[in-house]
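Every number here is computed from the coordinates shown, using simple stated rules; none is lab data. For clarity, every value in this text was computed on a predicted model and none was experimentally measured. Virtual Cβ from ideal backbone geometry, glycine too; neighbours counted across all protein chains shown.
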């Protein structure tokens, strides 16, 4: 039985890993809370790993307040500690004891200027501070542990946490006025249930390493995404396509962050995943 150490078990993605791993008879799950192990502390991580001797470490923690960390010094420090320092520490400790290490990155490592899908071999160029921390984390993990598996994913949705689907569903069912949605940013909606299932079934006990792109198949703009949700909900609300320049945000977002993989197969079509999610909520 593989002993899996999971960090971030209460989050959007980590919650799905916790559910799958705890229900499996192939894995023993260790899922310490932040009150038990401070992931920012190398010593606490080292002590816990030494005591419990996991076969695999999955890191689903991270700082993701994209706008807050764009110009606030304290928030930037928080982002660096959670997104870079913690990942580097885990990668280093995993390498010391030949422990499988899996962590997650973002489409925000790209600048969005490409007119087609980004591949793993494409040049990276983050355009906001959050994206820069994710890029730094990738580099730190691979430098500390070349056998690390770094999974870039994007536009996550899933049970138990507020996401775009929840926010837009609420607006579509309660707002009497037209709902404005950005139509000039495109990406890949990705279901946390599908991501966790693929990793648990195929990548924990695997030699796959380096950087891979893992998203649901297909892509859309936020406006097209909202229209799909409206169709599936059967609401008659009016959705208004708007340019992203009409939404003032501190951090820039990539206009195109569609990702495809040269190395692995995509997950099922995102429309099927969105349909399943809405039927189950």
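Pairing the Cα long axis of helix 42-52 with the longest principal axis of the chain, what angle in degrees results, from 0 to 90 and rounded to the nearest 10?
So the helix axis and the longest Cα principal axis differ by about 70 degrees.
Using the per-residue mean of other Cβ atoms lying within 10 Å as a proxy for protection, in what order, highest first, do the peptides 67-79, 191-203 fall? List each step's numbers first, then the result.
Details: 67-79: 16.2, 191-203: 20.0.
Going by the mean number of other Cβ atoms within 10 Å, highest first, we get 191-203, 67-79.
Have a look at the DSSP beta bridges in the chain and tell me what percent are antiparallel, nearest 5.
Details: 2 of 33 bridges.
If I count the DSSP bridges inside the chain, around 5 percent turn out antiparallel.
For the pair residue 46 and residue 269, how long in nm is the line joining their label points, each one 7 Å along Cα→Cβ?
In this crude spin-label approximation the distance works out to 5.2 nm.
Which semi-axes, in whole Å and largest first, does the equivalent ellipsoid of the chain have when worked out from the alpha carbon gyration tensor as the square roots of 5 times its eigenvalues? Write down the numbers at each step before the final one.
Working: eigenvalues 203, 89, 63 Å².
Each semi-axis is the square root of five times an eigenvalue, giving 32, 21, 18 Å.
Report the full-extension gain for the segment residue 123 to residue 2: residue separation times 0.36 nm, less the Cα-Cα distance, to one decimal in nm.
On the way: separation 121, 0.36 × 121 = 43.56 nm, distance 3.56 nm.
Working it through step by step, the gained length comes to 40.0 nm.
Most exposed first by the Cβ proxy, i.e. fewest other Cβ within 10 Å, how do 213, 177, 52, 2 rank?
In order of increasing Cβ crowding within 10 Å: 177, 52, 2, 213.
Counting just the Cα atoms, what span does segment 67-128 cover along each of its three principal axes? Round to the nearest Å and put the largest first.
Principal extents (largest minus smallest coordinate, Cα): 42, 32, 13 Å.
To one decimal place, what Kirkwood hydrodynamic radius in Å is obtained for segment 226-281 from all pairs of distinct Cα atoms?
Values: mean 1/r = 0.0683 Å⁻¹.
This gives a value of 14.6 Å.
Could I get the Rg over Rh figure for segment 148-193? Both from C-alpha atoms, Rh via Kirkwood, rounded to two places.
Details: Rg = 13.7 Å, Rh = 12.7 Å.
Dividing the radius of gyration by the Kirkwood radius yields 1.07.
Which whole-number percentage describes the relative contact order of the chain, with Cα contacts under 8 Å and a sequence gap of 6 or more?
Working: 549 pairs, mean separation 58.8, N = 281.
The value is 21 percent.
Normalized C-alpha radius of gyration of segment 3-46, against 2.2 N^0.38 Å?
Numbers: Rg = 11.0 Å, N = 44, 2.2 N^0.38 = 9.3 Å.
Compared with the compact-globule rule of thumb, segment 3-46 sits at 1.18.
On full extension of the chain, what length is gained from residue 53 through residue 35, given 0.36 nm per residue of separation minus the C-alpha to C-alpha distance?
The residue 53-residue 35 span can extend by a further 4.5 nm.
Grab the alpha carbons of segment 153-232, take their convex hull, and tell me the volume per residue in Å³. Spell out each step's value before the answer.
Numbers: hull volume 8.3 nm³, N = 80.
Once divided by residue count, the hull of segment 153-232 is 104 Å³.
Taking only the Cα atoms of segment 129-281, how large is their convex hull per residue, in Å³? List each step's numbers first, then the result.
Working: hull volume 18.6 nm³, N = 153.
Value for segment 129-281: 122 Å³ per residue.
Just to confirm the number: angle between the C-alpha axis of helix 164-174 and the first principal axis of the chain, 0 to 90 degrees, nearest 10?
30
Could you give the length gained on full extension between residue 73 and residue 243, defined as 0.36 nm per residue of separation minus the Cα-Cα distance, in nm? Please report the intermediate quantities before stating the final value.
Values: separation 170, 0.36 × 170 = 61.20 nm, distance 2.96 nm.
Extra length available between residue 73 and residue 243 comes to 58.2 nm.
Using only Cα atoms and rounding to the nearest 10 degrees, what angle (0 to 90) does helix 129-144 make with the longest principal axis of the chain?
On a 0 to 90 degree scale, this one is about 30.
At a Förster distance of 30 Å, what's the computed FRET efficiency of residue 167 paired with residue 205, Cβ-Cβ distance as r, to 0.05?
Values: r = 37 Å, r/R0 = 1.23.
The pair residue 167/residue 205 has a calculated efficiency of 0.25.
Using a/c under 1.5 as the rounded threshold, could you call segment 12-158 rounded, prolate or oblate? The axes a ≥ b ≥ c are square roots of the C-alpha gyration tensor eigenvalues, and prolate needs a/b larger than b/c, oblate otherwise.
Because a/c hits 1.5 or more and a/b exceeds b/c, segment 12-158 counts as prolate.
Shape verdict for segment 1-78, please, from the Cα gyration tensor: rounded (a/c under 1.5), prolate (a/b greater than b/c) or oblate. Provide the component values of the computation, followed by the final result.
Details: a/c = 3.46, a/b = 1.65, b/c = 2.09.
Oblate, because a/c is 1.5 or more while a/b does not exceed b/c.
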